[in-house]
2 protein chains.
Amino acid sequence: MKIDPNSSADLSVQIAQAIKDAIISGELIVDERLPSEAELSDHFQVSRPTVREALKRLAAQSLIRTQRGASGGAFVNRLSFEDAYAQQVTTSTLLLSMNEVSFDTACEARYALERACAPLSAARRSADQLATMRAEIFRQGQPGLTDVAFCASDVAFHRALVDGAGNPVLSYQLAGAVEAMQPLMNMITFTARDRAVITGLHTRIADAIEAGDSGAAVAGLQDLEDETRKLAADVFAARAAP
Amino acid sequence: MKIDPNSSADLSVQIAQAIKDAIISGELIVDERLPSEAELSDHFQVSRPTVREALKRLAAQSLIRTQRGASGGAFVNRLSFEDAYAQQVTTSTLLLSMNEVSFDTACEARYALERACAPLSAARRSADQLATMRAEIFRQGQPGLTDVAFCASDVAFHRALVDGAGNPVLSYQLAGAVEAMQPLMNMITFTARDRAVITGLHTRIADAIEAGDSGAAVAGLQDLEDETRKLAADVFAARAAP
DNA sequence: TAGGTTCTAAATGTCAGACTTTTAAATGTC
DNA sequence: GACATTTAAAAGTCTGACATTTAGAACCTA
């Protein structure tokens, strides 16, 4: 682990990069303890606050974790799917909210990816995942449900569908696509009729998944995408010309 | 922006979270300048190094950028697709390398997602993206190409295919799935015959994309997935029983 | 007056050293 | 042997200072 004394970049950035490279290259392995802050500051010839800033950068990316006390220190962190999920969701959400991504673009991406999961889910979903889908459909039919709660249930339904594929990598990749849509969906007002149509499609999809009919599941998702985009278009049209 | 004085969490974590919340909620908008470090340390009643650690955490996630000098400071950063790509790729790569994800699982996820892009790409790809695909196929046929270079070209081919869908959200989501496979692919030794089969399939896919034939493109990707998994299985079998 | 130069102040970047808190392990006691 | 106590190591935090960068103001000069 070396830094370039001639570089113009901030020291804490360079040090963070050096450690990150060591982790990626396998020079530092999972659960290995890094040298203490004092040792690192000695090694890189910088002060301890500078080393600490570098470590905080890595901690923010879940690359390391720190422990206080004797035999404490910074340890290379095993990046868990859970941590990665969370990062993926916040990054995707911010990306969408800060870049004026159109509803259609986000929606197209989400459903394209979800349709990719449908055949796997139809073949492999557990009874538990199917039960979750049914439970969410039931919840969506309850009277008095707020729009926000309806959207949250919608996300939960789709999460179960994706998880049904039994492929954690797929679940991780889709987490962002599905959850980041929620703020966009929250802009829509769902009438009782809209909800009935959506839950009807959800039922169709769940039935197809239960029957192992991947074609029907894909078709159901296609119709749901069309319906969602139509709803959104109506909302935006109504706002443009009140 | 407030922090809880009774919380046991580290101060820099709390402060980073408070600022992050303010950004996500829209309280702080893109390109807005945060208070100076001195003002923040005054506001939160902590020292400047603590504030700085919090800011470094946010900078590591590309949520803010800092500028030195007069009228400098920390600014809310517009999360660009480029930044998000990069994060997505490193996170996915580490996730795969640290969690003993099987080749098959990663491969299945990657091709499932890629097949989702194929119909859009067949309909929309630009001439430029098609040319990139052709150029990479040509490169893959060159003699003397190392296995690593062959894999890199493979990734470039697939990136062009995905970008052909013309949906930046989709490109972002797939960046991780496609690029994170590269280290896994690098474990495979490609014989001349293997390469011929793969480039043949690439040609089939490119032809289908050019012709706008989404069914053929999906079928080509399916065959490519099967071929890739067969190759990997052979490699692992050979290693298990030498 | 136009245009370049120098100065200045504000802000981040870095450093040194000290103190606080947490925690595991060594030590001591019954 | 089990439990309490001490100890030391390490991260967390604070104070205060100095270095460096940079935009803009003030100042000259042609």
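Quick notes on this one:
- Unique residue being assigned by TED's automatic domain parsing to the domain that holds A:Thr203, under 21 Å from A:His202 (Cα atoms) and surrounded by 19 or more Cβ atoms within 10 Å (Cβ to Cβ) when the list is A:Leu120, A:Leu95: A:Leu120
- Only one entry in B:Ser121, B:Ser92, B:Ser80 is free of Cβ contacts under 8 Å to residues at least 40 places away in the same chain, within 11 Å of another protein chain (Cβ to nearest Cβ), under 20 Å from the mean Cα position of the chain (by Cα) and away from DNA strand C (no atom under 16 Å from the Cβ), namely B:Ser80.
- Selection count, segment A:154-172, where residues are surrounded by fewer than 20 Cβ atoms within 10 Å (Cβ to Cβ) and free of Cβ contacts under 8 Å to residues at least 60 places away in the same chain: 4
- Lone unmet requirement of (1) within 16 Å of DNA strand C (Cβ to nearest atom); (2) surrounded by fewer than 20 Cβ atoms within 10 Å (Cβ to Cβ) for B:Asp104: (1)
- Residues that are closer than 18 Å to A:Glu53 by Cα, away from DNA strand D (no atom under 11 Å from the Cβ) and not basic (Lys, Arg) within segment B:42-74 comprise B:Leu55, B:Leu58, B:Ala59, B:Ala60, B:Gln61, B:Ser62, B:Leu63, B:Ile64, B:Ala74, listed in sequence order.
- Restricting attention to segment A:21-41, the residues that are within 13 Å of DNA strand D (Cβ to nearest atom), hydrophobic (A, V, I, L, M, F, W, C) and within 13 Å of chain B (Cβ to nearest Cβ) total 0.
- Among the conditions (1) facing chain B (nearest Cβ under 10 Å); (2) under 21 Å from B:Gln14 (Cβ atoms), the only one that A:Gly72 does not satisfy is (1).
- Cβ-Cβ under 7 Å pairs, at least 6 apart or on other chains, segment B:220-232 side under 19 Å from B:Pro183 (Cβ atoms), far side among the acidic types (Asp, Glu): B:Arg229/B:Asp104; B:Leu231/B:Asp194
The values are calculated or read from the model by the stated rules, or taken from the named source; none is laboratory data. Bear in mind that the values here come from a model prediction, so they are computed numbers and not experimental data. Ideal geometry is used to build each Cβ from the backbone, glycine not excepted, and the neighbour counts take in all protein chains shown.
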